[in-house]
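Working notes, structure below.
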Amino acid sequence: MANTFERIRFVLVETSHPGNVGSTARAMKTMGFSDLVLVNPRDPEVTRHDEAIALASGAGDILATARIVPTLDEALAGCNFSVALSARCNFSVALSARPREFSPPLFEPRQLAEQLAADSALRTALVFGSERYGLSNEQVSKCSALVSVPANPVYSSLNLAQAVQVIAYECRVAALGEVHTENTTIFRGERASAEQVEGMFTHLEKALVEIEFLDADNPKKLMPRLRRLFARAELEAEEVNILRGIATQLISKRQRIRKD
Ligand code: SAH
């Protein structure tokens with residue numbers, strides 16, 4: 001099965017500067033990616049251009065194997081998920097000025113990267129616009145998601161290759177994190193079932209009433225807050241048993257004190 005690095009393609013649309021193509025190759029290779037597709041670059045020979053080769057530095061192989069295609073549709077062939085990268089939809093602006101119903105759903109780079117790393121069925125194209133014009137609305141609308149680097153709102157337009165670097169970095173960190181999680185899940189206990197968690201809450205609530213921490217007639221928001229806390233903890237079955245053990249002890253100690 002393809003790993004995250006093999007499942008992500010970088011697509012540059014109508015790039016003008018050979019240096020940016022070279023720098024993109026370098027940004028990709030340093031982060032472990034290799035699939036580069038150029039849509040209708042201004043210089044059709046850009047992959048052999050001196051400046052591109054110079055800025056690619058040790059990533060000349062990525063440049064040499066980059067594919068050049070005439071249309072975005074061809075660049076997206078073989079992918080089942082495509083993401084438009086755009087500076088023109090910074091989040092504060094996006095929520096107010098930009099009519100979101102006309103654009104694909106907007107994500108932050110980190111959310112996107114986590115999604116790409118977690119879902120091994122995704123074959124993703126990350127689509128970057130030209131230095132001068134960015135991506136057209138039509139190009140954006142061909143994509144399934146829109147991602148914007150949350151940059152300085154008064155100047156949010158990154159250099160093309162630097163935008164590639166930021167996104168590639170996020171994808172790398174997420175991919176490495178995924179490997180780490182997979183390794184650690186081997187040692188993880190069994191996740192508590194919904195029934196086990198519900199049973200634990202009932203038990204805990206009873207104990208909290210018993211020790212008069214929770215007023216049954218005026219419970220306020222204690223139980224919902226505890227639910228939120230435990231939801232974040234992703235409880236294992238064994239941990240639910242420990243919490244129930246504590247609840248049992250609280251109840252029985254309290255009842256013994258009452259009797260004395
Ligand atoms: N003048 C263009 C700027 C293009 S910068 C414009 O106004 O759109 C070249 C490309 O880099 C962009 O099309 C986009 O794909 C990427 N890029 C630049 N800044 C970005 C940002 N803040 N978030 C996401 N992508 C960005």
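The values are calculated or read from the model by the stated rules, or taken from the named source; none is laboratory data. From a predicted model like this one, the values you see are computed outputs, not experimental measurements. Positions of Cβ are backbone-derived with ideal geometry, glycine not excepted, and every protein chain shown enters the neighbour counts. Side chains included, ligands, DNA and RNA excluded: accessible areas come from the protein's heavy atoms. Shrake-Rupley method; radii C 1.70, N 1.55, O 1.52, S 1.80 Å.
For the subset of segment 201-215 comprising residues that are without any contact (Cβ under 8 Å) to a residue 40 or more places away in the chain and over 41 Å from the mean Cα position of the chain (by Cα), which member is most open to solvent (accessible area, probe 1.4 Å)?
Filtering segment 201-215 for residues that are without any contact (Cβ under 8 Å) to a residue 40 or more places away in the chain and over 41 Å from the mean Cα position of the chain (by Cα), the one most open to solvent (accessible area, probe 1.4 Å) comes out as GLU212.
In the set ALA207, ALA237, which member is of a type in the set (Gly, Ala, Ser), modelled with pLDDT of 90 or more and not assigned by TED's automatic domain parsing to the domain that holds ILE8?
ALA207
Given the condition more than 8 Å from the ligand (Cβ to nearest atom) and over 18 Å from ASN20 (Cβ atoms), answer yes or no: does some residue in segment 154-166 qualify?
Initial filter on segment 154-166 (more than 8 Å from the ligand (Cβ to nearest atom)): 154-155, 161, 165.
After this cut, where a residue has to be over 18 Å from ASN20 (Cβ atoms) as well, the list is 154-155.
Yes: segment 154-166 contains one or more residues that are more than 8 Å from the ligand (Cβ to nearest atom) and over 18 Å from ASN20 (Cβ atoms).
Kindly provide the set of residues from segment 216-251 that are in contact with a Leu (Cβ under 9 Å, 6 or more places away or on another chain) and open to solvent by 80 Å² or more (accessible area, probe 1.4 Å), ordered by number.
Hits for segment 216-251 are LYS220, ARG244, ILE246.
Scan the helices (runs of 4 or more DSSP H) fully inside segment 1-72 and keep the ones with 2 or more residues being in the same structural domain as TYR169 (by TED's automatic domain parsing), within 28 Å of the chain's Cα centre (by Cα) and under 30 Å from ALA121 (Cα atoms).
18-30, 60-65
So for segment 33-45 (the condition being open to solvent by 20 Å² or more (accessible area, probe 1.4 Å) and touching a Pro at 6+ places or on another chain (Cβ under 7 Å)), does at least one residue qualify? Outline the logic, then answer.
Keep residues of segment 33-45 that are open to solvent by 20 Å² or more (accessible area, probe 1.4 Å), which gives 34-35, 40, 42-45.
Right, trim to touching a Pro at 6+ places or on another chain (Cβ under 7 Å) and you get 40, 43.
Yes; the residues of segment 33-45 include at least one that is open to solvent by 20 Å² or more (accessible area, probe 1.4 Å) and touching a Pro at 6+ places or on another chain (Cβ under 7 Å).
Could you please find all residues in segment 216-256 being of a type in the set (A, V, I, L, M, F, W, C) and without any contact (Cβ under 8 Å) to a residue 12 or more places away in the chain?
Within segment 216-256, the subset of a type in the set (A, V, I, L, M, F, W, C) is 216, 222-223, 226, 229-231, 233, 235, 237, 240, 242-243, 246-247, 250-251.
Once the filter is applied, which keeps residues that are of a type in the set (A, V, I, L, M, F, W, C) and without any contact (Cβ under 8 Å) to a residue 12 or more places away in the chain, segment 216-256 yields ALA216, LEU229, ALA231, ALA233, ILE242.
Would you be able to tell me the number of residues in segment 126-145 that are part of a helix (DSSP H, G or I) and either of a type in the set (A, V, I, L, M, F, W, C) or within 11 Å of the ligand (Cβ to nearest atom) (or both)?
Total satisfying the criteria: 2.
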